[in-house]
1. Stretched out fully, how many nm does the piece from V32 to S627 gain, at 0.36 nm a residue minus the Cα gap?
2. Pairs of Cα atoms under 8 Å, at least six residues apart: use those to get the relative contact order of the stretch 444-539, whole percent.
3. What order, most packed first, do the peptides 417-425, 628-636 have when packing is the mean number of other Cβ atoms within 10 Å of each residue?
4. Name the residue from A14, M434, F31 whose Cα lies farthest towards the positive end of the charge dipole of the chain, charges +1 on Cβ of Lys and Arg and -1 on Cβ of Asp and Glu.
5. For Y269 and S317 in the same chain, what is the full-extension length gain: residue separation times 0.36 nm, less their Cα-Cα distance, in nm?
6. What whole-number value in Å² describes the accessible area per residue of the chain for a 1.4 Å probe?
7. Suppose every K and R has +1 on its Cβ and every D and E has -1 on its Cβ; what is the size of the dipole of the stretch 47-189 about the Cα centre, in Debye to the nearest 20?
8. Could you tell me how far the Cα centroid of the stretch 176-203 sits from the Cα centroid of the stretch 375-434, in Å?
Amino acid sequence: MSKIFPSRFALFKAFVGLFLIVSFLVRLSFFVWNFPEVDKSFFVLASTFVIGSLFDLATVSFFSIPFLLYLFIFPKRFYGTVADKIITYFGFSLGLLIIYFSFFGELTFWDEFHRRYNFIAVDYLIYTYEVVQNINQSYPLPFLISGIILMVAISLFIVYKLGYFHRTFQSETVFTTKSMAVLPWMAILLLNAFYIKNSHADFSDNRYNNELAKSGIYAFFAAFKNNELPYSEFYKTIPKAEAYNMVKESYAHSRDSFINPEAKAIYRYVKNNPIDTLPPKRPNVIFICIESLSADFMQTFGNTEGITPTLDSLANSSSYFFKNLYATGTRTVRGMEAITLSIPPTPGRSIVKRENNKNLYTIGEVFKEKGYTRNFFYGGDGYFDNMNTFFGGNGFNIIDRGRGFLLDDSIKTTRTNIEDNEVTFENAWGVCDMDLYRKVIKEADKSYSDSIPFFDFVMTTSNHKPFTYPEGEIDIPSGTGRNGAVKYTDYAIKEFLKLAKEKPWYDNTVFVIMSDHCASSAGRWELDIKNYRIPAFFVNLPKTMPKQVFTLASQIDIFPTLFACLGWNYNSNFFGKDILSMPKEDLRAFVGNYRKLGYFKDNSVVILDEHKNANFYSYDYVDNSLSPIPEDDSFIKTTISFYLVADDLYRHGGLKTNQYE
């Protein structure tokens, strides 16, 4: 041990020890936290902690290398000088601060996502206002900060009392001895840099064990490095021409006609109105995208807590209710991507957050062609998650709670602020849903007075931690948990529809209501299918009777279905289809996270990952389990074709509007 940790490296030894202890305690805490879900068989559990310890060692080799190099290169004659002590105390204290800050950060992140740090944590670094305010409103921040400082102070005291500082400053270690001690750590560093990947922790079929085996800081930097994953480089492929042909063949049962059948494109003319002389319906459309509304919250899906009376009423008697619909992802921006572009999830971050995401062929282009004004409403500052840039850059007017972040000069749009006198309640994420809905109604009144049909994309925020909302509106106190936020969200929809019914534009307005994603995607499987199921509604659809639709479908199908219901013929670059006319052989759903891409059809699921694997499963609706089954080559090729084509279109300009002018 003295060869690895000579006396000059005594503090480095103490730091490594503290890091490994804290990392083990974090892993043990998460194990206890999710004890029922973790695979507790001896081999898997032992592997979880052994692999986790190796990742901890890898992490500390990266994390502490600057301190190690300082101890190594600092000349012996200056050991124990004032400069040496200042640098050493500062560096050691900073390292401890980062360790304990990461520890508390991981606890809050796991509380919300049941995962180690991933690309969400990386994204959150950009939006400090919302994230800091959310943490402050959700957790006792002064207590947490005080706890971190206290833990640093206690650790410094213990390390000092144990003589580690004394041995470091009074060391007689010569350069040769230090060199021999540094070499093993450099070897560990290089080994991890070139051969070890965060995904190597994914050794088990149980997702919780895989997450436990990771190290938070290591996972964070892995996510930072891999927030974009070009499909053709990382995933299982087939020839592009074959992929495009398979995707095009999937529209053979429709009346769609491709504009350029020979091109690597899916741009086509969709004919929902076979008699062109019939006038299409042109109602106003208000789309309410509800934050984190899982199907499981509704009584219609078995919930017994009575927190969605409005939505349950709509489902049972007042709407087209889509009961077997699945979100494409686990984040708001992924839902926005699916809804506006009608596209399967692309690996890495959502297109909403990427470069080169302006002037795309979105559903807004269809509304524009029909003469609509297009508006994006958000209760916070749409700078968050790049929403204003995406919607403004694709022809939408912006109505948000601006906090001073300006749009790029290249984006030509109108931005309207939600003013202070229009706000009755506000938290970290934005104004409460009712304040947002009142703004929607005010803007709808203006469009109606100007005789302009409008399409509004309304993004709510109340069903998000810290789960706060105006007191007295419902019977659950604000800030007490998810159930209250869901019930307030439901209440706000009821009040919004009530106010809208008093308006002269109501009879000619369709309300589309759908969740962006589920409240949690956590589960033991690679992709937890049940945790992608979301409700969707068409309310006040002209000349139709309410009904429940049990057809398996995807979030990307909702607006193509609405356009079909309105009898619209239009140019389309969308992957989505009309749910109400899809033949049985076309029924499918796309589900994914930023690394894994799933295709769900006929109780079978293919999951593609970034190591070119294609795992084939049978899905059990009853217990939400995935069971490995023999591969079906045709099924896997179909899966690959959709994801390969979606990514290829984005990367080569195939989603742009100008190529079709």
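1. Once the chain is fully extended between V32 and S627, it gains 211.6 nm.
2. Details: 87 pairs, mean separation 17.1, N = 96.
Result for the stretch 444-539 is 18 percent.
3. Values: 417-425: 13.3, 628-636: 11.8.
By packing density, highest mean first, the sequence is 417-425, 628-636.
4. About the Cα centre, the residue reaching furthest to the positive side is A14.
5. Answer, rounded to one decimal: 13.9 nm.
6. On the way: 27090 Å² over 661 residues.
Averaged over the residues of the chain, the accessible area is 41 Å².
7. Values: 8 positive and 8 negative charges, 143 e Å.
The dipole of the stretch 47-189 has a size of about 680 debye.
8. Taking the Cα centre of the stretch 176-203 as reference, the centre of the stretch 375-434 is 46 Å away.
The values are calculated or read from the model by the stated rules, or taken from the named source; none is laboratory data. Every value quoted in this text rests on a predicted model; they were computed, and no experiment measured them. With ideal geometry, Cβ positions are generated from the backbone for all residues, glycine too; neighbour counts draw on all protein chains shown. Just the protein is used for accessible areas: all its heavy atoms, side chains included, with ligands, DNA and RNA removed. Shrake-Rupley method; radii C 1.70, N 1.55, O 1.52, S 1.80 Å.
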